[in-house]
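Remarks on the structure that follows.
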Amino acid sequence: RITAPGGIYLTLAGNANESRQYGPPRVKEEEFRGNFSSWIDFERLHKTRFDSGSGDANGALAWSALLRRKEKP
């Protein structure tokens, strides 16, 4: 509903490859791809980190995903 067919969407999501007691909800790559694959093509999917807000600490592990809505689901 947010993007038209062929439209591009960039999102960040928590990455379940790291255990933390705080931070955003996390998802495994397989779940991430599986939840969207019927209507989205993954143009790029990279591991990254959220900004911790502190220059001396790593933020939570994340997925950076560039997605393209399929023309026909």
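Laid out as a table, the results:
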quantity: Residue-count net charge about L10 - beta-carbon cut-off 13 Å; Lys, Arg +1, Asp, Glu -1; calculated: +2
quantity: Within straight-line cross-link reach of K70, aspartates and glutamates at Cα separation under 18 Å, skipping those fewer than 8 residues along the same chain; calculated: D41, E43
quantity: Per residue accessible area of the chain, 1.4 Å probe, in Å²; calculated: 74
quantity: Semi-axis lengths (Å, descending) of the ellipsoid that matches the C-alpha gyration tensor of the chain; calculated: 27, 13, 9
quantity: Counting DSSP beta bridges with both ends in the chain, the antiparallel % (nearest 5); calculated: 90
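The values are calculated or read from the model by the stated rules, or taken from the named source; none is laboratory data. Every value quoted in this text rests on a predicted model; they were computed, and no experiment measured them. Note that each Cβ is placed from the backbone with ideal geometry, even for glycine, and that neighbours are counted across all protein chains shown. Accessible surface is based on the protein model in full, side chains and every heavy atom, while ligands, DNA and RNA are left aside. Shrake-Rupley method; radii C 1.70, N 1.55, O 1.52, S 1.80 Å.
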